[in-house]
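A.B. asks: First the structure, which I've put down as structure tokens, then a few questions once you've had a look.
The values are calculated or read from the model by the stated rules, or taken from the named source; none is laboratory data. What you are looking at is a predicted structure, and each value in this text was computed from that prediction instead of being measured. No Cβ is skipped: glycine too gets one built from the backbone with ideal geometry, and neighbour counts run over all protein chains shown. All accessible areas refer to the heavy atoms of the entire protein, side chains included, with ligands and DNA or RNA removed. Shrake-Rupley method; radii C 1.70, N 1.55, O 1.52, S 1.80 Å.
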Amino acid sequence: QVQLVESGGGLMQAGGSLRLSCAASGRTFETYTMAWFRQAPGEEREFVATISWSRGSTYYAESVKGRFTISRDNAKNTVYLQMNSLKPEDTAVYYCAARGGGLAKPYPEYEYWGQGTQVTVPS
């Protein structure tokens, strides 16, 4: 069982940066694939980025590649999403997710979810 709590969201002007954190509970955090998703009002939940348990593999959505970086610190049971060059279209609730298998993009593949943190980039 894994419990996830996100933090770090907020209001940021276009071109700025934010870092999201996701603190996980559970003794086997280091064995889980972690990911970030986002959901804008009226839209489906969208894959953003994922990182393997060993931190050796990452995968990004095309819309954030080169601007966002996912990382994890297994000693701190925490995964991060560094978001640079923010755009208004990045506005959404960002969710942290975990799964016991390998890298995956579809959100139904993920077993555990946080409550989400709002990121707003005004146009």
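A.B. asks: For a quick check of understanding: with a 1.4 angstrom probe and all protein chains in place, what accessible area in square angstrom does Tyr95 have, to the nearest ten?
C.D. replies: The value for Tyr95 is about 40 Å².
A.B. asks: Where does the longest stretch of the chain lie that holds no GluC sites (Glu not before Pro) found in a DSSP loop with 10 or fewer other Cβ atoms within 10 Å? Please report the intermediate quantities before stating the final value.
C.D. replies: Numbers: sites that count: Glu43, Glu44, Glu62.
So the longest stretch without any such site is 63-123.
A.B. asks: Take the chain, drop everything but the C-alpha atoms, weight them equally and run the Debye formula without solvent; then report log10 I(q)/I(0) at 0.13, 0.18, 0.19 Å⁻¹ to two decimals.
C.D. replies: Here the Debye-derived log intensity ratios amount to -0.44, -0.86, -0.96.
A.B. asks: Which order do Tyr80, Tyr110 take when ranked by solvent-accessible area (1.4 Å probe, heavy atoms of all protein chains), largest first? Display every interim value, and only then the final one.
C.D. replies: Working: Tyr80 35, Tyr110 10 Å².
Largest to smallest exposure gives the sequence Tyr80, Tyr110.
A.B. asks: Quick one: divide the alpha-carbon radius of gyration of the range 7-60 by 2.2 N^0.38 Å and tell me what you get.
C.D. replies: This ratio for the range 7-60 stands at 1.35.
A.B. asks: Where Lys and Arg each count +1 and Asp and Glu each count -1, what net charge lies around Pro106 among other residues with Cβ under 15 Å from its Cβ?
C.D. replies: 0
A.B. asks: About the Cα centre, and with charges only on the beta carbon of Lys, Arg (+1) and Asp, Glu (-1), how big is the dipole of the chain? Nearest 20 debye, please.
C.D. replies: I would put it at about 340 debye.
A.B. asks: Just the number please: accessible area per residue for the range 11-80, 1.4 Å probe, all protein chains included, in Å². Mind dumping the intermediate values first?
C.D. replies: Details: 3660 Å² over 70 residues.
Normalised by residue count, the accessible surface of the range 11-80 is 52 Å².
A.B. asks: If you don't mind, another one. For the chain, give the percent of accessible area contributed by carbon and sulfur heavy atoms, probe 1.4 Å, rounded to a whole number.
C.D. replies: 48
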